[in-house]
2 protein chains.
Amino acid sequence: MNKPGGISSKLSELGYRLTPQRIMILSAIDNSDDHISAEEIYAQVVAKYANVNISTVYRTLELLKRLGLVTETDMGEGRVRYHPVGKGHHHHLVCQECGAIIDLDESVLSSVKDVLLREYGFIADLKHLAIFGRCVNCRK
Amino acid sequence: MNKPGGISSKLSELGYRLTPQRIMILSAIDNSDDHISAEEIYAQVVAKYANVNISTVYRTLELLKRLGLVTETDMGEGRVRYHPVGKGHHHHLVCQECGAIIDLDESVLSSVKDVLLREYGFIADLKHLAIFGRCVNCRK
DNA sequence: TATGCAGTTGCATAGAGTCTCAATTATAAT
DNA sequence: ATTATAATTGAGACTCTATGCAACTGCATA
């Protein structure tokens, strides 16, 4: 907890308060191997301290997003999932037929990033994208 | 209304009913130059016939999406926008700083589409994507 | 220690979108 | 024309996310 380089140390470096609520939220994000949803974070936090409000979870996630400490990915489940940036970037292919999720290395989109920067002067934030479509098994 | 090649004729060709509700929804989509949101469609439809329910709008949009007749794009406004496929594909660069929206030709992502197909056998549905980031004017 | 003040939280509420279920409507079959 | 069947709709409950506001927290200065 609060190891150097971790999200929590970054937060306090930037002058934000490390409240108990935030510490619990951050540890939920950090301890999740997978991509975690706001509701899942909330469930973990409430288990430890019942008086935490879900608004706080959403507000903390919003803050972390703005600071570039977590990425947000919509995998088409009707809820968004979060991932700490420190644990590496990657993208997902989401099959709209069978729901399969195939991980995709960041490099696949780096050429696009380059083109956008070169031709449009646009710095694309392509850290954690979900691309929808049809996977090998579901093609006719 | 119901011109050949239009969405409504496609719908009836596929065996779906062309109910008054759907006709009004389709004409709202077709007549919008811009990308239109569900609420905007609903507002237009209700103005003509008060008893239409917003569920019907969402259900119709879901159907059109599934049939590939409209594309859905989340430009980060907290609501999704729709666009008839017949009016051409393109992507958007959305600046997270100033909100500027820069249109982007479909071809920029066609190389990605090819790579995904070749290396993953994945048919990517990249018809109408919003890429977030920072535009030329907002770079430091 | 007391006071001011910005940061943060809980609560209540609102908006966007989804889902269930019963009622209605259209199509097909008799 | 009547009945059976399936598609579609409206109403309303519900989920996820965001926001306004008043209360609370903790640092900084007096």
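The values are calculated or read from the model by the stated rules, or taken from the named source; none is laboratory data. Small disclaimer: the values here were computed from a predicted structure and weren't measured. We place every Cβ from the backbone using ideal geometry, glycine too, and count neighbours over all the protein chains shown. Ligands, DNA and RNA are excluded from the accessible area calculation, which covers all protein heavy atoms including side chains. Shrake-Rupley method; radii C 1.70, N 1.55, O 1.52, S 1.80 Å.
Tabulated results
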{"read-out": "Cα-projected label distance for B:R118 with B:A43, points at 7 Å along beta-carbon direction, nm", "value": "4.6"}
{"read-out": "Accessible area per residue, Å², the protein assembly as shown with all protein chains present, probe 1.4 Å", "value": "55"}
{"read-out": "By accessible area with a 1.4 Å probe, ligands and nucleic acids excluded, highest first: order of B:D30, B:D105, A:D33", "value": "A:D33, B:D105, B:D30"}
{"read-out": "Selection from B:Y82, B:V108, B:I23, by position along the positive dipole direction of chain B (Cβ)", "value": "B:I23"}
{"read-out": "Cysteines without a disulfide-compatible partner [chain B; Cβ-Cβ under 4.7 Å]", "value": "B:C98, B:C138"}
{"read-out": "Helix axis angle, B:20-31 relative to chain B longest principal axis, alpha carbon, degrees", "value": "40"}
{"read-out": "Net charge over other residues, Cβ less than 12 angstrom from the Cβ of B:E119 (K, R count +1; D, E count -1)", "value": "0"}
{"read-out": "Within chain A, helix-based [θ] at 222 nm, where runs of 4 or more DSSP H residues each add -39,500 (n - 2.57), nearest 500", "value": "-11500 deg cm²/dmol"}
{"read-out": "Full-stretch length increase - B:L63, B:C98 - with 0.36 nm per residue and alpha-carbon distance subtracted", "value": "9.2 nm"}
{"read-out": "Relative contact order (%) - chain B, alpha-carbon pairs under 8 angstrom, separation at least six", "value": "18"}
{"read-out": "Proportion of all alpha-carbon pairs of the protein assembly as shown beyond 34 Å (%)", "value": "30"}
{"read-out": "All Cα pairs of the range B:90-138, percent lying beyond 16 Å", "value": "46"}
{"read-out": "Residues along the range A:93-114 losing 50 Å² or more of accessible surface when the other protein chains are present rather than the chain by itself (probe 1.4 Å)", "value": "A:L93, A:V108, A:V112"}
{"read-out": "Principal axis box of chain B, alpha-carbon based, largest edge first, Å", "value": "51, 37, 23"}
{"read-out": "Within-10-Å neighbourhood charge of B:E40 [Cβ basis; K, R +1; D, E -1]", "value": "0"}
{"read-out": "Gaussian network model of chain A, springs between alpha carbon atoms under 10 Å - residue of A:G15, A:G68, A:G76 with greatest fluctuation", "value": "A:G15"}
{"read-out": "Surface share of carbon and sulfur [accessible, 1.4 angstrom probe, percent] for the protein assembly as shown", "value": "48"}
{"read-out": "Cα-based convex hull volume of the range B:7-84 per residue, rounded to whole Å³", "value": "83"}
{"read-out": "Degrees, to the nearest 10: A:110-120 long Cα axis against longest axis of chain A", "value": "90"}
{"read-out": "Per-residue HN-Hα couplings for the range B:35-47 [Karplus 6.51, -1.76, 1.60; θ = phi - 60°; Hz; x = Gly/Pro]", "value": "8, 10, 9, 4, 5, 5, 4, 4, 4, 5, 5, 4, 4"}
{"read-out": "Most fluctuating residue given options B:L104, B:L117, B:L26, as computed from a GNM of chain B linking Cα atoms under 10 Å", "value": "B:L117"}
{"read-out": "Filter on A:K87/B:K87; A:K113/B:K10; B:K48/B:K87; A:K10/A:K48; A:K48/A:K87; A:K65/B:K65 - keep pairs with C-alpha separation over 32 Å", "value": "A:K87/B:K87; A:K113/B:K10"}
{"read-out": "Among beta bridges that DSSP assigns inside chain B, antiparallel share in %, nearest 5", "value": "75"}
{"read-out": "Chain pair B, A: total accessible area buried, heavy atoms, 1.4 Å probe, Å²", "value": "2100"}
{"read-out": "Choice from A:V52, A:V80, A:V108 showing the highest fluctuation, given a GNM over chain A with Cα pairs closer than 10 Å", "value": "A:V108"}
{"read-out": "Antiparallel bridge percentage (DSSP; both residues within the range B:90-138; nearest 5)", "value": "55"}
